[in-house]
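> Quick one: structure below, then a few questions.
The numbers here are math on the coordinates, done by the rules we state, and not lab data. Values in this document were obtained by computation on a predicted structure and should not be read as measured data. Quick reminder, even Gly has a Cβ in these numbers, built from the backbone with ideal geometry, and neighbours come from all protein chains shown.
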Amino acid sequence: MTNYIFRTPTVAEGPAGTSRLFYFYKLDRGVTVVRDPDSGEYELVRYLVDEDLSSYPEIYYGGYDNVVSQTVKDELIAAGIGVTESNFTAL
């Protein structure tokens, strides 16, 4: 079975600084993907609290390369949270 590098969806945040130049510049920030412990559905989370991390059965951190299997890849795409084929690279 093929494994993939999963890069989570991103959000453009700005301004990137306080001066006039940075006011027009935005930075792409990765959004974390978690599996809800109650419903079992995947969801996007912007700001995690450290105390809540242990309650999630699966966490794919935004801004990092996450290695996933073909099964997880298919589940993430089918979840309808903005994950597409372009978020994956075959290993």
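> How long are the three semi-axes of the equivalent ellipsoid of the chain, in whole Å, if each is the root of 5 times an eigenvalue of the C-alpha gyration tensor, listed from largest down?
Each semi-axis is √(5λ); the values are 27, 17, 11 Å.
> Could you give the size of the charge dipole of the chain about its Cα centre, using +1 on the Cβ of each K and R and -1 on the Cβ of each D and E, expressed in debye and rounded to the nearest 20?
580 debye
> In addition: At 0.36 nm per residue, and after removing the present C-alpha to C-alpha distance, how many nm does the segment from Arg20 to Glu85 gain when stretched out fully?
Computed gain between Arg20 and Glu85 is 19.7 nm.
> Pick from Arg35, Arg20, Arg46 the residue whose mean-square fluctuation is largest in a GNM of the chain, springs joining Cα atoms under 10 Å.
Sorting by GNM fluctuation, first place goes to Arg20.
> Testing the spin-label approximation: label points 7 Å from Cα along Cα→Cβ at Asp36 and Val11. State their distance in nm.
Placing both labels 7 Å along Cα→Cβ, they lie 1.7 nm apart.
> Taking only Cα atoms and a 10 Å spring cutoff, compute GNM fluctuations for the chain and point out the largest among Ser54, Ser19, Ser69.
Ser19
> Suppose R0 equals 22 Å. What FRET efficiency, 1/(1 + (r/R0)^6) with r the Cβ-Cβ distance, do Met1 and Asp65 give to the nearest 0.05?
0.75
> For the stretch 1-24 and the stretch 41-74, compute the distance between their C-alpha centroids and round to whole Å.
17 Å
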